[in-house]
Amino acid sequence: MAKTLGDVRELDKDVELCRTTNERISNQAAQLLIENRIPFTRNWVKIPFFLREKYRGASQIYIIRTNRNRYGQARRTIDQMEAPFRKRLVMSNY
């Protein structure tokens, strides 16, 4: 029987790295993370019709998450993006 050390609820928890409504910017950020061999997940969340005005008409938000232990490395990698593209990302402050 295997014994797990530490709090089981804290295992496999990813933290949000960034989010954007632009699919092209999301793809570019994901490609940059792949090139630097940083594990991540990318999901999208549908924006309800009545909230789309807040997001300038976008129908979905792309969310990129990474392992909490690799957050600093992932953040430095995203900071390497060109300024016009990086401004389209909303970075988290984990």
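The values are calculated or read from the model by the stated rules, or taken from the named source; none is laboratory data. Since the structure is predicted, the reported quantities are computational estimates derived from the model, not experimental observations. Note that each Cβ is placed from the backbone with ideal geometry, even for glycine, and that neighbours are counted across all protein chains shown. These accessible areas exclude ligands, DNA and RNA; they are computed on the full protein's heavy atoms, side chains included. Shrake-Rupley method; radii C 1.70, N 1.55, O 1.52, S 1.80 Å.
Structure notes:
- Taking a ≥ b ≥ c as the square roots of the Cα gyration tensor eigenvalues, the chain comes out oblate, since a/c reaches at least 1.5 and a/b does not exceed b/c.
- For the chain, the carbon plus sulfur part of the accessible surface works out to 49%, probe radius 1.4 Å.
- Proximal charge balance of Leu89 [Cβ under 13 Å; K/R count +1, D/E count -1]: +3
- Across the stretch 44-94, the relative contact order, built from alpha-carbon pairs under 8 Å that are at least six residues apart, equals 26 percent.
- Surface analysis of the chain yields an accessible area of 75 Å² per residue, using protein heavy atoms and a 1.4 Å probe.
- Lysine pair count for the chain (Cα-Cα distance under 22 Å; residues 8 or more apart in sequence or on different chains): 4.
- Cβ charges +1 (Lys, Arg) and -1 (Asp, Glu), total dipole of the chain, debye: 160 debye
- Percentage relative contact order, the chain, counting C-alpha pairs under 8 Å, at least six apart: 41 percent
- Across the stretch 78-94, rounded Karplus estimates of 3J(HN,Hα) from the backbone phi angles (6.51 cos²θ - 1.76 cosθ + 1.60, θ = phi - 60°) give 5, 5, 7, 5, 5, 4, x, 7, 5, 5, 7, 9, 9, 7, 8, 10, 5 Hz, Gly and Pro being marked x.
- Phi-derived couplings, Karplus 6.51 cos²θ - 1.76 cosθ + 1.60 at θ = phi - 60°, listed residue by residue for the stretch 29-45: 5, 5, 4, 5, 5, 5, 4, 9, 6, 10, x, 7, 10, 10, 10, 10, 10 Hz, with x used for Gly and Pro.
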